[in-house]
1. Could you check how many residues of the range 2-26 are in contact with a Phe, Trp or Tyr (Cβ under 7 Å, 6 or more places away or on another chain) and either without any contact (Cβ under 8 Å) to a residue 24 or more places away in the chain or surrounded by fewer than 16 Cβ atoms within 10 Å (Cβ to Cβ) (or both)?
2. Determine, yes or no, whether Asp357 is among the charged types (D, E, K, R) and touching a Lys or Arg at 6+ places or on another chain (Cβ under 9 Å).
3. Any residue that is of a type outside the set (A, V, I, L, M), open to solvent by less than 30 Å² (accessible area, probe 1.4 Å), on the phi < 0 side of the Ramachandran plot and in contact (Cβ under 8 Å) with a residue 12 or more places away in the chain - is there at least one of those in the range 576-594?
4. Restricting to the range 551-575, give me the number of residues that are in contact with a strand residue (DSSP E or B) (Cβ under 9 Å, 6 or more places away or on another chain), more than 30 Å from Lys498 (Cα to Cα) and either open to solvent by 30 Å² or more (accessible area, probe 1.4 Å) or without any contact (Cβ under 8 Å) to a residue 12 or more places away in the chain (or both).
5. Go through the range 479-492 and count every residue that is open to solvent by 30 Å² or more (accessible area, probe 1.4 Å) and in a helix (DSSP H, G or I).
6. Taking helices (runs of 4 or more DSSP H) that do not extend beyond the range 171-270, which have at least 2 residues that are open to solvent by 30 Å² or more (accessible area, probe 1.4 Å), among the small types (Gly, Ala, Ser) and at pLDDT below 85?
7. Across the range 83-99, which residue is surrounded by the most Cβ atoms within 10 Å (Cβ to Cβ) among those that are modelled with pLDDT of 85 or more and among the hydrophobic types (A, V, I, L, M, F, W, C)?
Amino acid sequence: MTHDEFESLVARLEPMAKSNPSGYEMRVISLALVGYAYLAAVVALLILLIGGALAAIATLKLIAIKVLLVLVPIIWLVAKALWVKFPPPEGVEVTQAYSPALFAMIEKLRKELRCARFHHVLISNDFNAAVYQNPRLGPLGWCRNYLLIGLPLMKALSPAQLEAVLAHEFGHLAGGHGALGNHLYRLRLSWARLLGMLEHERSVGRFLFQPFFNWFSPYFSAYSFPLARANEYQADAVAGRLCGNKVMAEALTGVAVVADYLDTKFWPGVHKQAEHEPAPAFAPFHAMSTQFSQADLTESVQTSIELALKRVANVDDTHPPFGDRLKALGESPAFVAPAAGVAADTLLGSSLSRITDLYHEEWKRSITPSWQARHESVQVGREKMASFAERERYGETLPTAEAFEHAMLIGDIGAGKEECLSYLRALRARAPEHAPTSYHLGSHLLALGDNAGIALVEECMAADEESVLPGCALLFDYCKRHQLNAEADRFQLMYEQKSGHARAAHEEETNVKVAESFEAHGLQPEKIAALCEQLNAVKEIRRVYFVRRRLKHQPDRECFSLGFEVTPWWRWQRQSAVEAAQRKILADVDMLGSTTVFCVEGENVAFARKFRKVRGARII
């Protein structure tokens, strides 16, 4: 199901869900039962196969053993595909002994809402809070419940505001009124996660599940989307009832303001220090406690609120927009920062210092390589910028490519955006045919709210195919924010057409199908000789076929398939030998163009038959 089809289906279903909520719930329940019925059918098939195999052992003896040699691996692969393991969420676990105040708040909310107990309470480094259910029996449930609370979120909110956020999350697990809607809300997430895990698994046994769930999961997601969004409003109402609508509105406002501050000021400011410091010396998780109440956050409050209020509903997120959630609560935006030293992170008690130190050290370890690389690149950039400026002072006109690089360095590590804009204007006047200059000048003008940037970005898109997707995204966002709806629709359509073609081309290139056309590689003998020399060093392989693929979406692209065999005709295929050969080929052989490498034995034997018909395909 494409994004447009999903959006269109949701648009048709939402009025139906509002006009007859109980009837609509029954529709979604019926659809959920279809998923469970399919799983039950697969389980029944497994039981029949096992029973048949056992009966065959008793009656057919030698033939039965041969049948079992085929059936047992299939049953095992199917069982592995069915019992998908969901990884547990990541975070630092806290206990009641060290954080009694936090657990007292959790227990109070849990009892009031008749929620199941949490097996683990984790503090993450995200600006978020969530309830996570990890099914121990795969799609059949028996969940282990996790409560995740982000440390940055706790530092940004007061204890009362955090309680409102947790009450919202607990509302998704609540018993009593709305329990059915909560269950469907969680089931929606479960089917989507199952599809994701099946796509991630490489087991052959997934063939019994993936075709069905490729259809079912997005269809169920669309059908349950109106209920999921309604469930978010219900969870807000639960939080408002327990903690007060005013406090819930403060929590929502705090989340919107601080999230914008983190994205646009705090983290960019931290990373900018790499331009001057060779190693990170700043402790961001310690600094959050004070910076969230400093002047630079206070000054951006109104801007952040206005930006949040402009956001509109879309099918990419079941959470309603900020403004709609406030309207449902009957409240206005209200930002109330926690006083210094009394933020919700104090609920962690003696665990606070340990967790903050741990995330600081983890951040430092993960950021150090990219930090040092940025520091080194800035030093090189400053030397280049000084060289460019020196040459211009002596009257030299820099070549277009170097002049453009100079402009980018000025904007990135030099005097800033204004001087970069001035330099790009001058370069554009001198070299109007240079597409990157048009694109970046246009993007600078759009950032200033100047519609003249639209034509410049479009000019670049016409000259450079690689800029079409980012250009459409940039122009769609600008036009949407400035109520240029007709233009926004045009760029959205252009983006979808281009991205659809790109997805189809990528899908065609990465997924080789036996039904497609293959032809002689057509390469010079010396190139094939060099390839064969490297392949001969891979002792596991016996035969190699090398063919050219005829691509529909990229007919001019050089794309090849390399099929290898490792197993003599008198032996069973050993998967370990196949995998070892493939690893060595991919690691040690320099491929020609875009080449897909795979074994042409077993389930891929049809490729071998087809490759043999291509003249000159066998190279070893």
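The values are calculated or read from the model by the stated rules, or taken from the named source; none is laboratory data. These figures come from a predicted structure and were not determined experimentally. FYI the Cβ positions are ideal-geometry reconstructions off the backbone, even for glycines, and counts take in every protein chain you see. Heavy atoms of the whole protein, side chains included, go into the accessibility calculation; ligands, DNA and RNA do not. Shrake-Rupley method; radii C 1.70, N 1.55, O 1.52, S 1.80 Å.
1. Qualifying residue count for the region: 1.
2. Taking the combined requirement at face value, the residue does not satisfy it.
3. In the first step, residues of the range 576-594 are kept if they are of a type outside the set (A, V, I, L, M); the result is 576, 579, 582-584, 588, 590, 593-594.
From what's left, open to solvent by less than 30 Å² (accessible area, probe 1.4 Å): 594.
Retained after the next criterion (residues that are on the phi < 0 side of the Ramachandran plot): 594.
Add one more test, that the residue is in contact (Cβ under 8 Å) with a residue 12 or more places away in the chain, and what stays is 594.
Scanning the range 576-594 turns up at least one residue that is of a type outside the set (A, V, I, L, M), open to solvent by less than 30 Å² (accessible area, probe 1.4 Å), on the phi < 0 side of the Ramachandran plot and in contact (Cβ under 8 Å) with a residue 12 or more places away in the chain.
4. Within the range 551-575, residues that are in contact with a strand residue (DSSP E or B) (Cβ under 9 Å, 6 or more places away or on another chain), more than 30 Å from Lys498 (Cα to Cα) and either open to solvent by 30 Å² or more (accessible area, probe 1.4 Å) or without any contact (Cβ under 8 Å) to a residue 12 or more places away in the chain (or both) number 1.
5. Final tally of qualifying residues: 8.
6. Here the list reads 179-200.
7. Step one: of the range 83-99, the residues modelled with pLDDT of 85 or more are 89-99.
Then drop every residue that is not among the hydrophobic types (A, V, I, L, M, F, W, C), which leaves 92, 94, 97.
On the way: Val92: 17, Val94: 23, Ala97: 10.
Once the filter is applied, the top-ranked residue is Val94.
For every residue, the table says whether it meets (1) open to solvent by 40 Å² or more (accessible area, probe 1.4 Å); (2) modelled with pLDDT of 90 or more.
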site	(1), (2)
Met494	yes, yes
Gly500	no, no
Val512	no, yes
Ala520	yes, yes
Pro525	yes, yes
Gln534	yes, yes
